[in-house]
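What follows draws every value from the coordinates through simple rules; no lab data is involved. Please read all numbers here as calculations on a predicted model, not as lab measurements. All Cβ positions, even for glycine, are placed from backbone atoms using ideal geometry, and neighbour counts span all protein chains on display.
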Amino acid sequence: MKTTPVVLADLPASVIAVPPLCRDKDLAFSRAANQALIRHLESGGVTTLMYGGNANFYGVGLYEYAAVVDALAEIAAPTSWVIPSIGADFGKMLDQVAVLRTRAFPTAMVLPMASPIAPDGVEAGIRRVADAYGKPVVVYIKADGYIAPEGVKRLVEAGAVSFVKYGTVRKDPGDDPFLARLVEVVDRRLVVSGIGERPAIAHMRDFGLAGFTSGSVCVAPRGSMALLAALKRRDYAAAERVRAAYIPLEDCRDRWSPIPVLHEAVRLAGIADSGPILPMLANLDRELHEPVAKAARELLAFDRNLAARAA
């Protein structure tokens with residue numbers, strides 16, 4: 001696992017995968033399944049693995065937190081960067097950074113909390129947690145009213161931020177006054193698009209973001225990396241062509257809930273047995289497996305075709 005401090009060059013180097021966390025029938029961490037998923041990602045060129053909402057880190061308690069993060073660090077290749085999450089509430093964040101302080105992870109992502117919060121309180125909490133951790137953290141913004149752009153700016157200036165994951169959904173991702181203000185007051189090289197392939201083109205082209213996170217990359221890593229490469233060279237026509245392959249699975253995720261659909265897609269595509277989702281979430285209803293399986297298998301076939309053409 002990569003343990004060196006986060007630098008600007010890290011963010012555009014790889015799509016930031018946000019995988020599910022595979023568990024066995026007893027809800028315990030499945031080393032074999034998580035290793036299979038990580039190897040699938042790494043074989044497609046992905047070197048950044050961030051375990052957050054898709055991994056349901058909201059439900060990872062102290063009873064297993066150390067064992068889970070240790071296992072992920074052991075499984076990942078020496079050149080891969082593993083980013084665990086903390087939170088979402090302040091008390092849980094402090095408990096978890098006490099664990100992480102004795103490990104070599106260069107950063108951790110603060111899971112966004114919906115309520116009860118106040119933007120000034122979020123800023124204060126992130127600052128205190130980063131101080132307790134002794135390292136900068138990832139700020140994840142997925143809704144207005146969570147933290148102000150100026151609050152993020154102050155945290156960056158205080159050395160509390162490794163990077164920002166911006167995941168607020170807009171009807172038109174190119175029309176986003178909050179994001180425009182954020183990259184006005186914060187170095188845009190510190191901000192990544194956080195909603196998968198769908199808004200990645202607009203976010204990188206129109207706002208100059210450094211890269212993007214993806215869940216569907218867990219099915220098709222080569223395609224996501226090809227999309228990132230096209231965006232970095234500003235070949236937007238090529239980026240549009242690659243992104244089109246991801247839309248059917250992304251449509252399923254938007255229609256039936258992003259986390260359980262991705263969790264099931266990994267299994268239905270035959271990549272890894274993702275198992276049951278930790279409560280308080282639940283696995284996807286069985287009657288929805290067929291359309292998700294179709295979208296996931298077609299996306300995997302697209303990815304394998306890219307690999308065959310490159311060979």
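Among rounded, prolate and oblate, which fits segment 9-90 when a ≥ b ≥ c are the square roots of the eigenvalues of its C-alpha gyration tensor, a/c under 1.5 means rounded, and a/b larger than b/c means prolate? Intermediate results must be reported in sequence, preceding the final value.
On the way: a/c = 2.00, a/b = 1.33, b/c = 1.50.
The shape class here is oblate.
For Ala132 and Arg234 in the same chain, what is the full-extension length gain: residue separation times 0.36 nm, less their Cα-Cα distance, in nm?
Difference between extended and current length: 32.7 nm.
Using 7 Å Cα-to-Cβ label points, what is the Glu150/Phe178 separation (nm, one decimal)?
Using points 7 Å along Cα→Cβ, the separation is 1.7 nm.
By per-residue mean of other Cβ atoms within 10 Å, what is the highest-first order of 108-116, 245-253?
245-253, 108-116
When the Karplus curve 6.51 cos²θ - 1.76 cosθ + 1.60 is applied with θ = phi - 60°, which whole-Hz ³J(HN,Hα) does each residue of segment 86-98 get, with x for Gly and Pro?
In residue order, the calculated couplings are 10, x, 8, 7, 4, x, 5, 4, 5, 4, 6, 5, 5 Hz.
If packing is taken as the mean number of other Cβ atoms within 10 Å per residue, what is the order of 215-226, 22-33, 190-201, highest first?
Per-residue mean Cβ counts within 10 Å order the peptides as 215-226, 190-201, 22-33.
In a GNM of the chain with a 10 Å cut-off on Cα contacts, which of Asn34, Asn54, Asn283 has the highest mean-square fluctuation?
Highest fluctuation of the listed residues: Asn283.
For segment 220-229, just list the computed ³J(HN,Hα) in residue order, Karplus coefficients 6.51, -1.76 and 1.60, θ = phi - 60°, integers in Hz, with x standing in for Gly and Pro.
10, x, 5, x, 4, 5, 5, 4, 4, 4
With a ≥ b ≥ c the root eigenvalues of the C-alpha gyration tensor of segment 169-311, is it rounded (a/c under 1.5), prolate (a/b larger than b/c) or oblate?
oblate
Please order Lys165, Lys135 by the number of other Cβ within 10 Å, starting at the fewest.
Going from sparsest to densest Cβ surroundings: Lys135, Lys165.
Just to be sure I understand: with springs between alpha-carbon atoms less than 10 Å apart, which residue in Thr168, Thr47, Thr213 has the highest mean-square fluctuation in the Gaussian network model of the chain?
Answer for the Gaussian network model of the chain: Thr168.
Any lysines with Cα under 16 Å of the Lys135 Cα? List them, leaving off those in the same chain fewer than 8 positions away.
Hits, sequence-local ones excluded: Lys2.
What does DSSP give for the chain in terms of the percent of beta bridges that are antiparallel, rounded to the nearest 5?
5
Along the Cα→Cβ direction, 7 angstrom out, place labels at Ala143 and Ala28. What is the inter-label distance in nm?
Taking the two extended label points, one gets 3.6 nm.
What ³J(HN,Hα) values, in whole Hz, does the Karplus curve 6.51 cos²θ - 1.76 cosθ + 1.60 give for segment 11-19 when θ = phi - 60°, with x put for Gly and Pro?
5, x, 6, 8, 4, 8, 6, 10, x
Arrange Thr102, Thr79 by Cβ neighbour counts within 10 Å, fewest through most, would you?
Details: Thr102 7, Thr79 10.
Ranked by crowding around the Cβ, least crowded first: Thr102, Thr79.
Placing unit charges on C-beta atoms (Lys and Arg positive, Asp and Glu negative, everything else neutral), compute the dipole magnitude of the chain about its Cα centre in debye, rounded to 20.
It works out to roughly 660 debye.
Does segment 8-242 classify as rounded, prolate or oblate by the C-alpha gyration tensor (a ≥ b ≥ c root eigenvalues; a/c under 1.5 gives rounded; else a/b over b/c gives prolate, otherwise oblate)? List each step's numbers first, then the result.
Values: a/c = 1.76, a/b = 1.07, b/c = 1.65.
In terms of gyration-tensor shape, oblate.
Quick check on segment 60-99: what does the Kirkwood estimate of hydrodynamic radius come out to from the alpha carbon pairs, in Å?
10.8 Å is the Kirkwood radius here.
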